[in-house]
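The values are calculated or read from the model by the stated rules, or taken from the named source; none is laboratory data. Because the structure is a prediction, the values reported are computed rather than measured. Neighbour counts are summed over all protein chains in view; Cβ atoms, including those assigned to glycine, are modelled from backbone coordinates with ideal geometry. Note: accessible area is taken over every heavy atom of the protein model, side chains too, but ligands, DNA and RNA are not part of it. Shrake-Rupley method; radii C 1.70, N 1.55, O 1.52, S 1.80 Å.
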Amino acid sequence: MALPIDLWLIHPESEMCDAFRTRFEKLPRVTVIESRFEDLPPHDCFVTAANAFGIMNAGIDAAVIHFHGIELMQRIQHRILDEYLGEQPIGTSFIESTGNPDYPFVAHSPTMRVPGSISGTDKVYAATWASLLAVYQHNVRQSDERQKINTVVFPAMGAGFGNVPYKEVARQMAVAYAHYLSPPHRMNWDTVIGRQKAIAYDEGKLVVR
């Protein structure tokens, strides 16, 4: 059973925020914020839509490092070197402490190996799903309620260098959150097919190959 969290979806452009509102309107505990990272109020965990090597010198990743300091990127890169032998696969995520009690964690969740288009793929879903799992697993391990992650902030995964259209970003992210909220109770091919159709199709049209 998934543990409840509050999801904040942020982007500085109204078009992306409108897409978030449309796709997430029936999902609980979601807040859409038209904002830059730098202007966010305190929260528990920010998801970095990164590359597989933890090089965080562009886009919203650069804003995260400017805010928290270069040491955060160094710690993330050391973990990638130690835990993933230098390349973190798409579809994985890990939680790293920031040292700032008002913004205590980030989730490093690559959407791409190196900067480039991921349009037409399911990598937005995979990175969002991995982030939600990382938060879930973090919370399960915590006996101290003060160390649990309650507020998770997502940027528009894959909308920048990934070149994924805003509506498709919102759709894949919403599917991942819906799957998080309603995990299967048994494994069978009907479950698999249903989940795969939700990821790959939009209004009966195949959009992910």
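For the reader, a short list of remarks on this structure follows.
- Rounded tilt (10° steps) of 123-141 against the dominant C-alpha axis of the chain: 60
- Taking every protein chain into account, the 1.4 Å probe leaves L81 with about 100 Å² of accessible area, to the nearest ten.
- Added length on full extension, which subtracts the Cα-Cα distance from 0.36 nm per residue, E13 to A200: 64.7 nm
- For R36 and V192, the FRET efficiency from 1/(1 + (r/R0)^6), where r spans their Cβ atoms and R0 equals 41 Å, is about 0.60.
- Net charge contributed by nearby residues that have their C-beta within less than 14 Å of D82 (K/R +1, D/E -1): -1
- Percent RCO, i.e. relative contact order, over the chain, from Cα pairs under 8 Å lying at least 6 residues apart: 26
- For the chain, modelled as a GNM whose springs connect Cα atoms under 10 angstrom apart, the maximal fluctuation among R171, R21, R186 occurs at R186.
- Residue ranking by accessible heavy-atom surface, 1.4 Å probe, largest first, among F161, F53 comes out as F161, F53.
- Within the chain, helix-based [θ] at 222 nm, where runs of 4 or more DSSP H residues each add -39,500 (n - 2.57), nearest 500: -13000 deg cm²/dmol
- Of Q74, A50, W129, farthest towards positive along the dipole that unit charges on Lys, Arg, Asp, Glu beta carbons give region 6-206: W129
- Choice from T121, T191, T31 showing the highest fluctuation, given a GNM over the chain with Cα pairs closer than 10 Å: T191
- Taking 0.36 nm per residue of separation and subtracting the current Cα-Cα distance, fully stretching the chain between N57 and Q147 would add 29.6 nm.
- For the chain, built as a Gaussian network whose Cα springs stay under 10 Å, the top-fluctuating residue of H78, H138, H185: H185
- Region 150-205: C-alpha gyration tensor shape, a/c 1.5 cut-off, then a/b vs b/c: oblate
- Residues of region 160-180 with an amide N closer than 15 Å to a point placed 7 Å from the Cα of A2 along the Cα-to-Cβ direction: 171-180.
- Against the chain, whose longest principal axis comes from its Cα atoms, helix 166-181 is set at around 90 degrees.
- Cα-based Kirkwood hydrodynamic radius, region 6-206, one decimal, Å: 17.1
- Potential lengthening between H66 and E83 on full extension [0.36 nm per residue; Cα-Cα distance subtracted]: 3.6 nm
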